[in-house]
Amino acid sequence: MVDKNLESEEIIIKYLKKATRLKSGDSFGELALLLSAPRSATVKAVWDSEMATIDKKQFLNIIGKVQEIQIQKVRHHLRAIET
């Protein structure tokens with residue numbers, strides 16, 4: 001994940017021969033974690049930057065929490081429709 005305190009457009013990712021600029025709060029590398037596959041992108045910072053790293057266990061824990069929050073939101077909306 002790109003540190004949210006960094007200036008915009010600091011990071012450029014080359015993925016499948018396409019360059020993409022990342023902004024503060026963006027992330028990369030999730031496909032390798034989800035698929036247990038080798039990385040498929042090359043990341044190059046335009047200038048000195050700070051990155052946060054997480055391992056697969058931490059990533060899946062975060063994804064699980066996000067999914068649970070989404071499920072709770074759907075349940076809330078369904079209950080509102082029922083009443």
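The values are calculated or read from the model by the stated rules, or taken from the named source; none is laboratory data. Just so you know, these numbers come straight off a predicted model, no measurement behind them. Note: ideal-geometry Cβ built from the backbone for every residue, glycine included; neighbour counts use all protein chains shown.
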Inset, instruction - Identify, by number, the condition in (1) in a helix (DSSP H, G or I); (2) exposed (fewer than 10 other Cβ atoms within 10 Å of the Cβ); (3) of a type in the set (D, E, K, R) that Arg75 doesn't meet. - result: (2)
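With respect to Leu78, is the statement that it is free of Cβ contacts under 8 Å to residues at least 12 places away in the same chain, of a type in the set (A, V, I, L, M, F, W, C) and outside the structural domain of Lys18 (by TED's automatic domain parsing) true?
On the way: free of Cβ contacts under 8 Å to residues at least 12 places away in the same chain: yes; of a type in the set (A, V, I, L, M, F, W, C): yes; outside the structural domain of Lys18 (by TED's automatic domain parsing): yes.
The answer is yes for Leu78.
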Legend entry - In segment 45-63, the residues that are exposed (fewer than 10 other Cβ atoms within 10 Å of the Cβ), under 18 Å from Leu31 (Cβ atoms) and out of contact with any Asp or Glu (no Cβ under 7 Å at 6 or more places or on another chain): Thr53, Asp55, Lys57
Inset, instruction - Return only the number of the condition from (1) loosely packed, with under 12 Cβ neighbours inside 10 Å; (2) assigned to a strand (DSSP E or B); (3) modelled with pLDDT of 75 or more; (4) not basic (Lys, Arg) that Ala19 does not satisfy. - result: (3)
Legend entry - Qualifying residue in segment 39-50 (condition: over 19 Å from the mean Cα position of the chain (by Cα) and of a type in the set (Phe, Trp, Tyr)): yes
